[in-house]
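Trainee: Handing you this structure, nothing more for now.
The values are calculated or read from the model by the stated rules, or taken from the named source; none is laboratory data. Computed from a predicted model, the values in this text were never measured in an experiment. With ideal geometry, Cβ positions are generated from the backbone for all residues, glycine too; neighbour counts draw on all protein chains shown. Note: areas computed on protein heavy atoms with side chains; ligands, DNA, RNA excluded. Shrake-Rupley method; radii C 1.70, N 1.55, O 1.52, S 1.80 Å.
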Amino acid sequence: MAFAGKVWRLLVGIKDALALVFLLLFFVALFAVLSARPNPGVVREGALLLDINGSVVEEVAPIDLMQLVLSDTLPLREYAARDLIEAIDGAAADERVKVLALDLTGFLGGGAVHLAEIAGALDRFSAAGKPIYTYAYAYSDDGMLLASHSDEIWVDPMGGVAISGPGGERPYFGDALERFNITANVYRVGTYKSAVEPYTQDSMSPEARENISQIYTALWQEWLANVTSARPQADIDLVTGDVGGWLAASSNDIAEASLAAGLADRIGSREEWGERIATEVGEDEWSDQPGAFASTGFDPWLAEVRRSREFGTEGHIAVITVDGEISDGEAGPGSAGAARISRLLDDALNDDLDGLVVRINSPGGTVTGSETIRRAIMRHREAGTPVAVSMANTAASGGYWIATPGERIFAEPETITGSIGVFLIVPSFEELLAEYGVATDGVRTTGLSGQPNVLAGFTPEADAVLQASTSNFYSRFLALVSQARGITPERADELGQGRVWDGGAARQLGLVDQFGDLPTAIAWTAERAGLEAGSYEVDYLGSDIPSYDTLLARLLMGNDEASEEGARDIASIFARREVARLGEAISGIDRLMAVEGVQARCLECALVPGSRGTISNQVGNGTWLALFSKLGLD
């Protein structure tokens, strides 16, 4: 029996070992599958089909698998602007691609700088003698900007074009906080640092109104210049002036009205649009769907372009991306976790870099996180590495803080920058508790004992310390700007005070050095390092980190097929905007309660599309009910 017991235990051990081996093999296989990158598929002669079903961003954020499991909706797809540009430029030079088919039905927009850069790629495609045909059920401002660079703009008979222009309202909580006896303890420096106004007032201050009006005017003029230059026949004054009269002239048929205003060339369904393209590139022999044409989708095409891409071997330029709100931790990609970014920069110190480009698309965030990133960049400067800064849609407040180590700062006219100022908001509930008969009592040895106390309120000593800390951070900010831009601290203060600037004004004031996109900044850095064009490799730091969501993204969101969920007409565009505004109210409450320390953050930038941390990015495809649920109103 003892022998039989030993044999049995041996068999059980073997069984358990085999189970562990097979389990290990399963997870290894799962890791390999989920980490898989898109491989070059079959690239066919015909059209490049760009079905942009989502939003354009600087850096694609990974899918949160836990959130995906718990959510009842699929995440919206994000497209990195540089990926779209690379695909379009590759198609312009490839004889297999005859036509660019741009489907914007599911397009959710992007930042002004990103869209202008993509529009430039579309112009280069057209310059190669290849036509662009664009279709959408309905167009808003962002979609119209891209579509205007097409040879033919198609709109569905049930759709149309709605041009809104930049602007809108934001929630102000001052009266609400007073009603509920919640005290917003505000510490700030800067006449124009209006980030705190939503928590202290019920409307915008004259200074904030003046500042944001100038920003909106600059963005609107850039949009008008871009669209009317590409499409001179577009009568924007007509469609934004007497909207009712414009629509009534076409019997309230928005598609016909869009055609009459020069915003569209053809009215037809997606099937008819596909048939039009098929006359030039041929029908899709692999599909019997109506309107199918010979084409290659975005994912396989981009993989093909990258597979055939050649790198130089004489130099190494690195690009570090700071995208989204700046925090102190490991957040990202798609969010600027300072610990993660500084680690990437420090690891690159051992890579013998010839140059570093800091790509910023951030409205700022915590002062400590911004300083952590700035110090990591400075370590490269101290090592003798040329450093350039490339600003995307937004590089404001903390985003400008981390730009100060740059030897040369590049921006675009549509860039939002500046906002040199800091603030701190801490809520306290002493009046609310008193209303319900809750008192606080205790013993202090100093005025700072037990402070700051959000239940009992703040003592004068606590107020003094918090304001002094905020003022000190602002002085530090001014010193960095003064040293970086070669100006006096007094002049830095004149340009600061929390005021937000557009790229054109920032260039005139000396806050940026020249206009230019990311490739321009990379080329300058390479020249500064003594490298000839095409002789160096460009490495995007952090882009080689394994991503477990790549296959999930393709399986759940599709490669190029537009989602059929939800309405796609003009009303749906307006509805998404209103859902985003409700999300802004919820996010504002969350931000008040978070108390993340002294902030170098441009909350005004949340009103400007394309800045990570804006509500359009946070809300995603949320519904009214989902947002009410977050408020606890379901």
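Trainee: Just one of the numbered conditions (1) crowded, with 18+ Cβ neighbours inside 10 Å; (2) part of a loop (DSSP other than H, G, I, E, B) is not true of A533; which one?
Mentor: With respect to (1) crowded, with 18+ Cβ neighbours inside 10 Å; (2) part of a loop (DSSP other than H, G, I, E, B), A533 is out only on (1).
Trainee: Could you list, in sequence order, the residues of the stretch 311-324 that are under 28 Å from G384 (Cβ atoms) and not aromatic (F, W, Y)?
Mentor: Within the stretch 311-324, G312, T313, E314, G315, H316, I317, A318, V319, I320, T321, V322, D323 meet the criteria.
Trainee: Let me ask another. Look at the stretch 259-297 and say how many of its residues are of a type in the set (A, V, I, L, M), closer than 19 Å to G160 by Cβ and open to solvent by 10 Å² or more (accessible area, probe 1.4 Å).
Mentor: Of the residues in that region, 3 qualify.
Trainee: Taking the condition of being open to solvent by 30 Å² or more (accessible area, probe 1.4 Å) and either on the phi > 0 side of the Ramachandran plot or β-branched (V, I, T) (or both), how many residues in the stretch 456-468 meet it?
Mentor: 1
Trainee: Could we say that T525 is at pLDDT below 65 and buried (at least 18 other Cβ atoms within 10 Å of the Cβ) here?
Mentor: Details: at pLDDT below 65: no; buried (at least 18 other Cβ atoms within 10 Å of the Cβ): yes.
No: the conditions fail for T525.
Trainee: Which numbered condition in (1) in contact with a helix residue (DSSP H, G or I) (Cβ under 8 Å, 6 or more places away or on another chain); (2) farther than 29 Å from N185 by Cα; (3) charged (D, E, K, R) is the only one that R507 fails?
Mentor: (1)
Trainee: Of the conditions (1) surrounded by fewer than 19 Cβ atoms within 10 Å (Cβ to Cβ); (2) under 17 Å from I132 (Cα atoms), S250 fails just one. Which one is it?
Mentor: S250 satisfies every listed condition except (2).
Trainee: I've got another one for you. Has the stretch 469-484 got at least one residue that is of a type outside the set (F, W, Y), assigned to a loop (DSSP other than H, G, I, E, B) and either surrounded by fewer than 22 Cβ atoms within 10 Å (Cβ to Cβ) or touching a residue at least 24 places away in the same chain (Cβ under 8 Å) (or both)?
Mentor: Within the stretch 469-484, not a single residue is of a type outside the set (F, W, Y), assigned to a loop (DSSP other than H, G, I, E, B) and either surrounded by fewer than 22 Cβ atoms within 10 Å (Cβ to Cβ) or touching a residue at least 24 places away in the same chain (Cβ under 8 Å) (or both).
Trainee: While we're here: Looking for something under 26 Å from G542 (Cβ atoms) and modelled with pLDDT of 60 or more - is there at least one such residue anywhere in the stretch 3-13?
Mentor: no
Trainee: Yes or no: D89 charged (D, E, K, R), open to solvent by 10 Å² or more (accessible area, probe 1.4 Å) and under 23 Å from the mean Cα position of the chain (by Cα)?
Mentor: Yes.
Trainee: Residues of the stretch 321-339 being of a type in the set (A, V, I, L, M, F, W, C) and either surrounded by fewer than 23 Cβ atoms within 10 Å (Cβ to Cβ) or assigned to a loop (DSSP other than H, G, I, E, B) (or both), which ones?
Mentor: The answer is A331, A339.
Trainee: In the stretch 343-384, what residues are more than 17 Å from I317 (Cα to Cα) and open to solvent by 10 Å² or more (accessible area, probe 1.4 Å)?
Mentor: Within the stretch 343-384, R343, T368, E371, T372, R374, R375 qualify.
One line per residue, one yes/no per condition, for (1) at pLDDT 95 or above; (2) touching a Leu at 6+ places or on another chain (Cβ under 7 Å); (3) aliphatic (A, V, I, L, M); (4) within 25 Å of C602 (Cα to Cα):
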site: N350; (1), (2), (3), (4): no, no, no, no
site: D354; (1), (2), (3), (4): no, yes, no, no
site: T372; (1), (2), (3), (4): yes, no, no, yes
site: A376; (1), (2), (3), (4): yes, yes, yes, yes
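Trainee: Does the stretch 179-193 hold any residues that are open to solvent by 30 Å² or more (accessible area, probe 1.4 Å), part of a loop (DSSP other than H, G, I, E, B) and in contact with a strand residue (DSSP E or B) (Cβ under 8 Å, 6 or more places away or on another chain), and which are they?
Mentor: Residues of the stretch 179-193 that are open to solvent by 30 Å² or more (accessible area, probe 1.4 Å), as a first pass: 179-183, 186, 188, 191-192.
Subsequent filtering for residues that are part of a loop (DSSP other than H, G, I, E, B) retains 180-182, 191-192.
Within the stretch 179-193, I182, Y192 meet the criteria.
Trainee: Same structure again: Is it the case that the stretch 131-140 has a residue that's of a type outside the set (D, E), part of a loop (DSSP other than H, G, I, E, B) and over 29 Å from G241 (Cα atoms)?
Mentor: For the stretch 131-140, residues of a type outside the set (D, E), part of a loop (DSSP other than H, G, I, E, B) and over 29 Å from G241 (Cα atoms): present.
Trainee: Moving to a separate point now. Checking L100 against (1) under 24 Å from A392 (Cα atoms); (2) modelled with pLDDT of 90 or more, which single condition isn't satisfied?
Mentor: Of the numbered conditions (1) under 24 Å from A392 (Cα atoms); (2) modelled with pLDDT of 90 or more, the odd one out for L100 is (1).
Trainee: A further question follows. Considering only residues that are modelled with pLDDT of 85 or more and in contact with a helix residue (DSSP H, G or I) (Cβ under 7 Å, 6 or more places away or on another chain), which ones fall in the stretch 185-196?
Mentor: V186, Y187, listed by residue number.
Trainee: Can you pull out every residue in the stretch 121-136 that is open to solvent by 20 Å² or more (accessible area, probe 1.4 Å) and under 24 Å from the mean Cα position of the chain (by Cα)?
Mentor: Taking the stretch 121-136 and keeping what is open to solvent by 20 Å² or more (accessible area, probe 1.4 Å), we get 123-124, 126-131.
If the condition is that a residue be open to solvent by 20 Å² or more (accessible area, probe 1.4 Å) and under 24 Å from the mean Cα position of the chain (by Cα), then D123 is the only one that fits.
Trainee: Exactly one condition in (1) in a helix (DSSP H, G or I); (2) among the aliphatic types (A, V, I, L, M); (3) at pLDDT 95 or above is false for L466; which is it?
Mentor: Of (1) in a helix (DSSP H, G or I); (2) among the aliphatic types (A, V, I, L, M); (3) at pLDDT 95 or above, only one is false for L466: (3).
Trainee: Another one. For residues that are part of a helix (DSSP H, G or I) and of a type outside the set (A, V, I, L, M), scanning just the stretch 289-316, find the one that is farthest from N53 (Cα to Cα).
Mentor: So, considering only residues that are part of a helix (DSSP H, G or I) and of a type outside the set (A, V, I, L, M), the one farthest from N53 (Cα to Cα) is R307.
Trainee: Kindly list the number of the only condition in (1) under 20 Å from W301 (Cα atoms); (2) open to solvent by 20 Å² or more (accessible area, probe 1.4 Å); (3) not in a strand (DSSP E or B) that fails for I118.
Mentor: With (1) under 20 Å from W301 (Cα atoms); (2) open to solvent by 20 Å² or more (accessible area, probe 1.4 Å); (3) not in a strand (DSSP E or B) applied to I118, the lone miss is (2).
Trainee: Which condition number does S342 fail, the rest of (1) touching a residue at least 60 places away in the same chain (Cβ under 8 Å); (2) in a helix (DSSP H, G or I) being met?
Mentor: (1)
Trainee: OK, next. Select from the stretch 494-519 the residues that are more than 22 Å from the chain's Cα centre (by Cα), of a type in the set (D, E) and either surrounded by 20 or more Cβ atoms within 10 Å (Cβ to Cβ) or not in a helix (DSSP H, G or I) (or both) and list them in ascending order.
Mentor: Within the stretch 494-519, just D513 meets the criteria.
Trainee: Restricting to the stretch 205-247, count the residues that are open to solvent by less than 50 Å² (accessible area, probe 1.4 Å) and either touching a residue at least 24 places away in the same chain (Cβ under 8 Å) or within 30 Å of F515 (Cα to Cα) (or both).
Mentor: Count: 16.
Trainee: May I ask you to say which residue of I420, I409 is at pLDDT 85 or above, in a loop (DSSP other than H, G, I, E, B) and open to solvent by less than 10 Å² (accessible area, probe 1.4 Å)?
Mentor: When all the criteria are applied, what remains is I420.
Trainee: Can I ask one more? Any chance you could count how many residues in the stretch 95-106 are more than 22 Å from the chain's Cα centre (by Cα) and more than 19 Å from D284 (Cβ to Cβ)?
Mentor: Applying the first criterion (more than 22 Å from the chain's Cα centre (by Cα)) to the stretch 95-106 yields 95-101.
Remaining after also requiring more than 19 Å from D284 (Cβ to Cβ): 95.
Qualifying residue count, the stretch 95-106: 1.
Trainee: Here's a follow-up. Taking into account only those residues within the stretch 68-97 that are in a loop (DSSP other than H, G, I, E, B) and within 26 Å of S335 (Cα to Cα), which is modelled with the lowest pLDDT?
Mentor: By that ranking, first place goes to D72.
Trainee: Any residue in the stretch 304-319 that is closer than 15 Å to N350 by Cα and open to solvent by 20 Å² or more (accessible area, probe 1.4 Å) sitting within a Cβ distance under 8 Å of a residue that is part of a loop (DSSP other than H, G, I, E, B) and of a type outside the set (F, W, Y)? List the pairs, counting only those 6 or more apart or interchain.
Mentor: H316/D352; H316/L353; H316/D354
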